[in-house]
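Shown below is the structure under consideration.
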Amino acid sequence: VALDLTNIRDTLCRMEDSIIFNLIERVQYPSNAEVYAPDCEDLSTFMKHTIKSAGSNGCYADHFLYKTECLHAEAGRYLHPTEHSFFSPLPEPVMGENHRTKIRETILYPHSVNINHCLLYTSPSPRDS
């Protein structure tokens, strides 16, 4: 029943509604331009080098996102074929081989769709603080 096209369509419509609603809610708050400024002076030289090597412009927001993705990578999140990180390389998972085998035995097939590069620096709000 879960793979019935009607159920999938209904689920996607609900997800679309949720995304649009959340974007509308988000535009109420101005963005903090300083957090997104390239080459954040508050980051250490090592950290700037690390996140720039992973594809960042050196802003504080990228540092925060990179550290979050490192934690998720260690938990095995990006082993799933539908999960894509914004940055790479990331640390290897710390979970055992048994966990990786379970991830591979999924009903979802790997795909090459990854629009993260389009999303990372796209702001839902044109306003700045």
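Sort out which residues of region 40-53 are under 20 Å from Leu119 (Cα atoms) and either exposed (fewer than 13 other Cβ atoms within 10 Å of the Cβ) or among the basic types (Lys, Arg) (or both), and write them in order of number.
Correct list: Lys52, Ser53.
Answer yes if at least one residue in region 9-31 is within 15 Å of the chain's Cα centre (by Cα), open to solvent by less than 50 Å² (accessible area, probe 1.4 Å) and of a type in the set (Ser, Thr, Tyr), and no otherwise.
Looking for residues that are within 15 Å of the chain's Cα centre (by Cα), open to solvent by less than 50 Å² (accessible area, probe 1.4 Å) and of a type in the set (Ser, Thr, Tyr), one finds none in region 9-31, hence no.
So which residues in region 32-50 are over 21 Å from the mean Cα position of the chain (by Cα) and either among the small types (Gly, Ala, Ser) or under 15 Å from Leu120 (Cα atoms) (or both), if there are any at all?
Ser44, the sole residue that qualifies.
Next up: Give all pairs with beta carbons closer than 8 Å in which a residue from region 25-52 that is closer than 28 Å to Pro89 by Cβ meets a residue that is exposed (fewer than 13 other Cβ atoms within 10 Å of the Cβ) and of a type outside the set (Ser, Thr, Tyr); count only pairs at least 6 apart in sequence or on separate chains.
Lys48/Asp39
Would you point out which residue out of Asp39, Asp62 is charged (D, E, K, R) and assigned to a loop (DSSP other than H, G, I, E, B)? Outline the logic, then answer.
Values: Asp62 fails: assigned to a loop (DSSP other than H, G, I, E, B).
Selected residue: Asp39, the only one of Asp39, Asp62 that is charged (D, E, K, R) and assigned to a loop (DSSP other than H, G, I, E, B).
The values are calculated or read from the model by the stated rules, or taken from the named source; none is laboratory data. The structure presented is a predicted model; accordingly, all values stated were derived computationally and were not measured. For neighbour counting, all protein chains shown are included, and Cβ atoms are generated from backbone atoms with ideal geometry for every residue, glycine included. Ligands, DNA and RNA are stripped out before the accessible areas are found, and what is left, the full protein with its side chains, is counted by its heavy atoms. Shrake-Rupley method; radii C 1.70, N 1.55, O 1.52, S 1.80 Å.
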